Each structure stands twice: as structure tokens, then as C-alpha cells.
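Here the structure comes first, spelled out in C-alpha cells, and everything after it is commentary.
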Amino acid sequence: GQQVMQIPQYQHVQEGEDFTTYCNSSTTLSNIQWYKQRPGGHPVFLIQLVKSGEVKKQKRLTFQFGEAKKNSSLHITATQTTDVGTYFCAGQGVDYKLSFGAGTTVTVRA
Amino acid sequence: AAGVIQSPRHLIKEKRETATLKCYPIPRHDTVYWYQQGPGQDPQFLISFYEKMQSDKGSIPDRFSAQQFSDYHSELNMSSLELGDSALYFCASSPSSDTEAFFGQGTRLTVV
């Protein structure tokens, strides 16, 4: 099955700044999903990308899926304190198993 | 809207004991996943079911087993518990195998 790598593991951001987290899969994916987990909470689905080169936006969040369907990124602009949490990418292969990356834990300095 | 229900929310067991975790997926969801999440770790895939049949298996120890019943609820059975089994166990359900997963609140298992 696929292995999903995610960097950076930690992201300390000044409020108002932008940052990006990156995800790479060892194999071509059917789709990639992004989840956010607040401290003490459970993963909450953010978005799914299916098509090669797809770009989707949710307010200040921009998600991209690479042309080869092996990598993805999440870019957050003008970070706010509500963005605190761990962002996981999860790749789904042809076997439908959902494999999570290690996550990027975001902290925000006010 | 109904969400994924997991019980119990917290469980404390001693080493070598047995634990059973329950999951009630969202109605009409045909896929159920089980994940284990250690402190500061990403969710590790254990096992999944599609229409009550096991569809995939991940890094699940032989001491663990799971099944999905006719009413679609699922149970994760864990025997000969070890200290290292202490973790958050999430169940997630999905309306189909290739769409987003909805996670339950998790069961925090502590083995002492």
C-alpha cells in the first residue's frame, strides 16, 4: 500500500502570516483528503481532491493535488488563532485504504 | 445530523485483560474504518469493512480482531492487552469507499 509523508511536522506561525504543509505519496493515489484535528478532538474532514492538478479553495485555505496524483499541499493565508491544530493529509489508493500522513501541528503566535 | 458514535469514551484496563470497543456508524454508510492514534502520532489504520465484510487490514496485531454486524455496528476486540496498546481508538464511517470519512469522538484506552 501507499506510504504518505507529510512535512513539516511542526509549524509555528505568527498571526497574519502564511504557511504551507506538503504531502507526498509513494504511489499514485485515487484521491487525497485533508483533515484537521484540534487538540483533544477527532479528525474532521476538510476536503477531498480527486483530479490531477486540482485546486480547491476554502476561504483562506488552498488545496492542491499534483499532476501525477502523488503529492498535495495545503496553503493557509493570514493565519488566525482558530487555525491551531494538526492538519493531516490522507491518501487513498486503489484499495481504498486511507493512509494518513504524520500531520503538521500548527501553533500561532498572537 | 447523526454522527459516528463510539463507546465507551474512556476505558481503563489492566495488562493481559480484554477490551471491546464499539462503533455505530452514520446510517446508510457502507464503509467502516478503525484507527489507532498514539500520543502525538497520526492515526494508524487497523482494519476496514465494506458492507459488513472485511475489506482491508493494516497494522493490526493478531491479538486484535474486529467484525461488523448485521445492523452495521462494529466492534474491535482486543485481548492480552499490553501497555503499548494505550491510545485513542477512532472509528470512522464513509458513505462509500472512495469518499470522506467521518470520525467518531474516539475511545481512549489506558492499559495499566
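The values are calculated or read from the model by the stated rules, or taken from the named source; none is laboratory data. No experiment lies behind these values; they were computed from the predicted model shown. With ideal geometry, Cβ positions are generated from the backbone for all residues, glycine too; neighbour counts draw on all protein chains shown. Calculation scope for accessible area: heavy atoms of the full protein, side chains included, ligands and nucleic acids excluded. Shrake-Rupley method; radii C 1.70, N 1.55, O 1.52, S 1.80 Å.
Largest first, what is the accessible-area ranking of B:SER74, B:SER79 with a 1.4 Å probe? Mind showing how you got there, number by number?
Details: B:SER74 0, B:SER79 40 Å².
From most exposed to least exposed: B:SER79, B:SER74.
Selection among B:GLN6, B:SER93, B:ILE26 by position relative to the dipole of chain B gives B:GLN6 as farthest towards the positive end (Cβ unit charges, Cα centre).
Quick one: of A:LYS70/A:LYS97; A:LYS36/A:LYS69; A:LYS36/A:LYS56; A:LYS56/B:LYS57; A:LYS57/B:LYS52; A:LYS36/A:LYS97, which pairs are farther than 24 Å apart, Cα to Cα? If you can, show how the numbers build up before the last one.
Working: A:LYS70/A:LYS97 15 Å; A:LYS36/A:LYS69 21 Å; A:LYS36/A:LYS56 16 Å; A:LYS56/B:LYS57 31 Å; A:LYS57/B:LYS52 35 Å; A:LYS36/A:LYS97 19 Å.
As for pairs spanning more than 24 Å Cα to Cα, those are A:LYS56/B:LYS57; A:LYS57/B:LYS52.
Rolling a 1.4 Å probe across all protein chains gives B:CYS91 an accessible area of roughly 0 Å². Ordered from largest to smallest accessible area (heavy atoms of protein chains, 1.4 Å probe), the residues A:ASP95, B:ASP71 come out as B:ASP71, A:ASP95. The residues of chain B have, on average, 48 Å² of accessible surface per residue, using a 1.4 Å probe with all protein chains present. For B:PHE64, the solvent-accessible surface with a 1.4 Å probe is about 10 Å², rounded to the nearest 10.
Given a 1.4 Å probe and every protein chain left where it sits, what share in percent of the accessible area of the protein assembly as shown is carbon and sulfur?
Numbers: 5310 of 10580 Å².
Exposed carbon and sulfur together represent 50 percent of the surface.
Computed about its Cα centre, the charge dipole of segment B:5-111 is approximately 340 debye, with only Lys, Arg, Asp and Glu carrying charge at their Cβ.
Zone of B:TYR50 (label point 7 Å along Cα→Cβ, backbone N under 18 Å): which residues in segment A:1-22? Counting only backbone N, you get A:1-2.
When you look at the Cβ of every residue in A:91-100, what mean number of other chain Cβ atoms sits within 10 Å? Walk me through the numbers before you get to the answer.
Values: counts 0, 6, 1, 1, 4, 11, 9, 14, 5, 7.
Rounded to a whole number, the mean comes out at 6.
By a 1.4 Å probe calculation restricted to protein chains, B:LYS57 has an accessible surface near 110 Å², given to the nearest 10.
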